[in-house]
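The values are calculated or read from the model by the stated rules, or taken from the named source; none is laboratory data. All figures in this text were calculated on a predicted structure; none of them were measured in a lab. FYI the Cβ positions are ideal-geometry reconstructions off the backbone, even for glycines, and counts take in every protein chain you see.
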Amino acid sequence: MNDLAGLFLRATFVENMPLTLFLGLCTFLALSRRTETAIGLGVAMIGVMGVTVPLNQIVHSALLAPGAWAWAGLPDLDLSYLSLVAFIGVIAATVQLLEMLLERFFPAIHAAFGVFLPLLTVQCAILAGSLFMVERSYTLTQSAVFGLGSGTGFALAVIMLAAVRRRLAYADLPAGLRGLGITFVLTGMMALGFAAFAQMVAP
Amino acid sequence: MTAPSPLWSTLTDPLVRQNPIMLQILGICSALAVTTSLATALTMAASLTAVLVLSAGIISLIRRHIPDSIRLIVQIVIVASLVIVIDQLLQAYLFEISRKLSVFVSLITTNCLVLGRTESYARLNPPLPSMLDALGNGLGYSLVLAVLGGLRELFGAGKLLGWQVLPLADQGGWFTPLNLMLLAPSAFFLLGGLVWALRTIRPEQAEPAEFTPPALGEGAE
């Protein structure tokens, strides 16, 4: 139990997807202009990552890992080179399914998400979550916790950045730094802050 | 002055004027994570350019046969297959570098730059211009990656491509490496500075202010 809590905190703070691993930056920067959209994106990220990472863990351990087909008389079969295509397929299907379900049962939430939901298919952070899961060979429970933690970390970072950018709208910046430039500098400062969490982890 | 031929400007526009990273915010994810040294940055840039050009060519060839409703999935599968090939090639011939790049080669699949170009250009144009456009974008991306990788390796370790360029202080030289350069935040600062410099040279790229303060003095009572 304690391990799982540690894993969650680690995925949220120490290995924060956008700020320390540079993952999912495209959406992170593009959708942090307004706080409302940032919250929508954050919630979508938590949901999608919490579902896809454990799903991919099942797919990987049941179909792709070396020796997974031993029961069918093929103990040497190693399909792990297919994992990329399989993971992308699972993610695309999950996002599509989630969108249909929301549209059918919660139209208000669906309208709030707008175009972000389909965009999440090509989110580097989501795919990276699944790839890290394979690299570190998490179990099913661990991967669920890891997915939720990473999603929470992303949501936290994007909402914080949106809040700061909202204040910055009234600042008098040099013309060249406006928009993208200052956002990079801001993200760098937030990354400095998150780098401090790395020191707090007990070895 | 004669207007440059359209093919030529398709190739050269994305280098500086329409740089994919600086202006369109595409493909940043990988741009920052792999630039701690010039060698990894160049490998990444070459892999991305190869995937980009090939996927643009293939998708443009079959563009009339892809049903509109499932085009994203078709495109992603093509890109993912190309990425797997590149990944296997890297593991076979450049194992050291491919281990440093870890998951980032696989993440080319979800690089917004690749999908952005195939979706907005290759899907609508014949193969030759599509591949030129992809090559231009790939080179623009490579340019930024090379600059970032070079700066970070030079100031972070005093090296370029593994060669000691600046003599280190603890080996009798004068240069003390800036460890911050090898950490995550410096990549953001450098890229921010690069964007600032580019937009100062080309003011037409600057974004309009989100909020204009009301003029003081005139209407005040």
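Under the condition of being in a helix (DSSP H, G or I) and among the acidic types (D, E), which residue from region A:77-106 is nearest to the other protein chains (Cβ to nearest Cβ)?
The qualifying residue nearest to the other protein chains (Cβ to nearest Cβ) is A:E99.
Is it true that B:G116 is facing chain A (nearest Cβ under 10 Å), over 17 Å from B:A39 (Cα atoms) and at pLDDT below 85?
yes
Each row is one residue, and each column tells you yes or no for (1) under 21 Å from A:L7 (Cα atoms); (2) at pLDDT 80 or above.
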site: A:V90; (1), (2): no, yes
site: A:P118; (1), (2): no, no
site: A:S130; (1), (2): yes, yes
site: A:M133; (1), (2): yes, yes
site: A:T141; (1), (2): yes, yes
site: A:A144; (1), (2): yes, yes
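Mind listing just one residue for me: the one in region A:1-20 that is surrounded by fewer than 23 Cβ atoms within 10 Å (Cβ to Cβ) and among the aliphatic types (A, V, I, L, M) and, of those, farthest from the other protein chains (Cβ to nearest Cβ)?
Step by step, filter region A:1-20, then rank; the result is A:M1.
List the pairs whose first member sits in region A:38-51 and is in a helix (DSSP H, G or I), whose second member is among the hydroxyl-bearing types (S, T, Y), and whose Cβ atoms are under 6 Å apart, counting only residues at least 6 apart or on separate chains?
Here the result reads A:A38/A:S32; A:I46/A:T152; A:M49/A:S150; A:V51/A:T94, each pair linking region A:38-51 to a residue that is among the hydroxyl-bearing types (S, T, Y).
Can you tell me which residue within region A:128-143, out of those that are touching a Phe, Trp or Tyr at 6+ places or on another chain (Cβ under 9 Å) and under 14 Å from A:Q57 (Cβ atoms), is nearest to the other protein chains (Cβ to nearest Cβ)?
The residue in question is A:L131.
Consider B:S106 carefully, then state whether it is within 12 Å of another protein chain (Cβ to nearest Cβ), modelled with pLDDT of 85 or more and within 28 Å of A:M17 (Cβ to Cβ).
Details: within 12 Å of another protein chain (Cβ to nearest Cβ): yes; modelled with pLDDT of 85 or more: no; within 28 Å of A:M17 (Cβ to Cβ): yes.
No: the conditions fail for B:S106.
Mind listing just one residue for me: the one in region A:149-191 that is surrounded by 16 or more Cβ atoms within 10 Å (Cβ to Cβ), within 13 Å of chain B (Cβ to nearest Cβ) and hydroxyl-bearing (S, T, Y) and, of those, nearest to A:G24 (Cα to Cα)?
Residue satisfying both the conditions and the ranking: A:T187.
For region B:60-77, how many residues are part of a helix (DSSP H, G or I) and either at pLDDT below 85 or in contact with a Cys (Cβ under 8 Å, 6 or more places away or on another chain) (or both)?
Looking only at that region, the number is 10.
Considering only residues that are touching a Gly at 6+ places or on another chain (Cβ under 6 Å) and either assigned to a helix (DSSP H, G or I) or free of Cβ contacts under 8 Å to residues at least 60 places away in the same chain (or both), which ones fall in region B:78-123?
B:C112, B:L113 - these are the residues of region B:78-123 that are touching a Gly at 6+ places or on another chain (Cβ under 6 Å) and either assigned to a helix (DSSP H, G or I) or free of Cβ contacts under 8 Å to residues at least 60 places away in the same chain (or both).
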